[in-house]
Amino acid sequence: MYLDHFTHYGLHAASANALSHPAEWFELLTQATDVAMRMPKWDRDQNNAIRRETLRLLADGWLRAIMATVRWSEEGHIAGRDMLSRWAQQLDRFFAEEPALFEPAVQVFQHSFSQYRPRVPGRAPVGST
């Protein structure tokens, strides 16, 4: 898939083909997810299969990118507050549209970058009582 072509090396191993910085990963994911979210929702479920599968793959890409960013940060790299806050806002927007698909990515983001977590309406943050 197109997403794997651009993110596989950046998310999994060092390579000349890699997207070298999380900002590149999230920019690609944001643009692709924005396009997929604009796909029409049809009355018949079978007509929504392409949209649903595309968003499922993109949500998985978000999850992989977040986990890769956690590893990247653990290696001593610094992700800026504004950058993390922007990613949280973007993720929150996608979660609001498709909560079931983006729930795992939201949870990992909340756990890893709790100070920048998206504001999820009607839900307590992960780890709160």
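Data for the structure
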| quantity | calculated |
| --- | --- |
| Complete set of residues in segment 35-70 that are open to solvent by 70 Å² or more (accessible area, probe 1.4 Å) and under 13 Å from the mean Cα position of the chain (by Cα) | R56, M67 |
| Whichever residue in segment 71-97 is open to solvent by less than 80 Å² (accessible area, probe 1.4 Å) and within 12 Å of the chain's Cα centre (by Cα) and, among such residues, is nearest to R51 (Cα to Cα) | F94 |
| Single match in T54, T69 (criterion: within 15 Å of A32 (Cα to Cα) and either in contact with a strand residue (DSSP E or B) (Cβ under 7 Å, 6 or more places away or on another chain) or of a type in the set (S, T, N, Q) (or both)) | T54 |
| Exclusive hit being at pLDDT 90 or above and closer than 18 Å to A105 by Cβ, set E24, E53 | E53 |
| Some residue of segment 103-122 being over 12 Å from the mean Cα position of the chain (by Cα), among the basic types (K, R) and either at pLDDT below 85 or surrounded by 15 or more Cβ atoms within 10 Å (Cβ to Cβ) (or both) | yes |
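The values are calculated or read from the model by the stated rules, or taken from the named source; none is laboratory data. Worth saying up front: this structure is predicted, and the values here are computed from it rather than measured. Don't worry about glycine lacking a Cβ; one is built from the backbone with ideal geometry, like all the others, and counts go over all protein chains shown. For accessibility, only protein heavy atoms count, side chains too; no ligands or nucleic acids. Shrake-Rupley method; radii C 1.70, N 1.55, O 1.52, S 1.80 Å.
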